[in-house]
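Notes follow the structure.
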């Protein structure tokens with residue numbers, strides 16, 4: 001971050017992904033004048049609460065140099081942000097945009113968490129992503145900062161979409177499961193779970209929320225707004 005930057009964004013990727021997955025979002029934010037911190041963390045190696053703790057040493061100095069700090073997250077990154085902000089909330093925190101967050105858990109994780117390959121690949125955090133959440137997640141306070149949530153309603157996985165995850169869904173997370181008590185705004189885009197990462201409207205709406213605390217109300221029929 002440069003010394004002149006006043007608006008800063010921490011980006012947190014989802015499970016089994018890397019900062020590269022949020023690179024298009026990061027470039028768009030930089031083009032709009034935001035300083036960015038696109039963090040890597042071992043999403044498959046530790047439980048959620050430890051992953052949140054290990055981010056603090058990187059986030060704290062970045063936050064200290066910002067006049068306003070925001071977070072943009074994808075999938076599991078939204079849960080890590082909620083845990084982090086409950087414990088380490090920066091003084092200048094303003095807004096958080098979550099793309100496809102499993103705030104209510106994922107039925108796919110419910111189905112697969114007992115399967116050995118899933119357990120081996122997704123690790124401890126993968127066991128915490130089901131609809132029966134760890135107690136500490138249920139005890140997280142409702143946000144008293146601005147949270148905007150973007151859900152998807154398209155899928156390339158018809159089995160999960162039609163028989164495992166309640167519809168509408170993005171193939172991994174139902175639209176309903178993305179919701180969070182205390183959120184400021186919520187929209188649904190015609191995109192898959194992974195597709196939201198590079199979806200033009202998701203990026204545009206993310207920037208709108210960071211600027212104004214609300215999503216833009218478009219006329220496009222593939223977007224539903226509430």
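The values are calculated or read from the model by the stated rules, or taken from the named source; none is laboratory data. Model, not experiment: these values are computed from the prediction. Here the Cβ positions follow ideal geometry from the backbone for every residue, glycine too, while neighbour counts run over all protein chains shown.
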Of the conditions (1) touching a residue at least 60 places away in the same chain (Cβ under 8 Å); (2) in contact with a strand residue (DSSP E or B) (Cβ under 7 Å, 6 or more places away or on another chain); (3) not in a loop (DSSP other than H, G, I, E, B), the single one that residue 101 does not satisfy is (3)
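Just a yes or no: is a residue in the stretch 57-64 closer than 18 Å to residue 207 by Cα and crowded, with 18+ Cβ neighbours inside 10 Å? Show your work before the answer.
Our first condition is that a residue be closer than 18 Å to residue 207 by Cα; within the stretch 57-64, this holds for none.
Scanning the stretch 57-64, I find no residue that is closer than 18 Å to residue 207 by Cα and crowded, with 18+ Cβ neighbours inside 10 Å, so the answer is no.
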Out of 172, 217, 211, sole residue that is at pLDDT below 95 and either assigned to a helix (DSSP H, G or I) or under 18 Å from residue 154 (Cα atoms) (or both):
172
Output for the stretch 42-54, where each listed residue is within 19 Å of residue 88 (Cβ to Cβ) and either in contact with a helix residue (DSSP H, G or I) (Cβ under 7 Å, 6 or more places away or on another chain) or in a loop (DSSP other than H, G, I, E, B) (or both)
42, 43, 46, 47, 48, 49, 51, 52
Which members of the stretch 39-54 meet the condition of being buried (at least 21 other Cβ atoms within 10 Å of the Cβ) and within 15 Å of residue 74 (Cβ to Cβ)?
43, 48, 51
When you go through (1) within 17 Å of the chain's Cα centre (by Cα); (2) part of a loop (DSSP other than H, G, I, E, B) one by one for residue 91, which number turns out not to apply?
(1)
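State whether one or more residues within the stretch 25-41 are in a loop (DSSP other than H, G, I, E, B), within 24 Å of residue 137 (Cα to Cα) and touching a helix residue (DSSP H, G or I) at 6+ places or on another chain (Cβ under 8 Å).
Checked against the condition, which is being in a loop (DSSP other than H, G, I, E, B), within 24 Å of residue 137 (Cα to Cα) and touching a helix residue (DSSP H, G or I) at 6+ places or on another chain (Cβ under 8 Å), the stretch 25-41 yields at least one hit.
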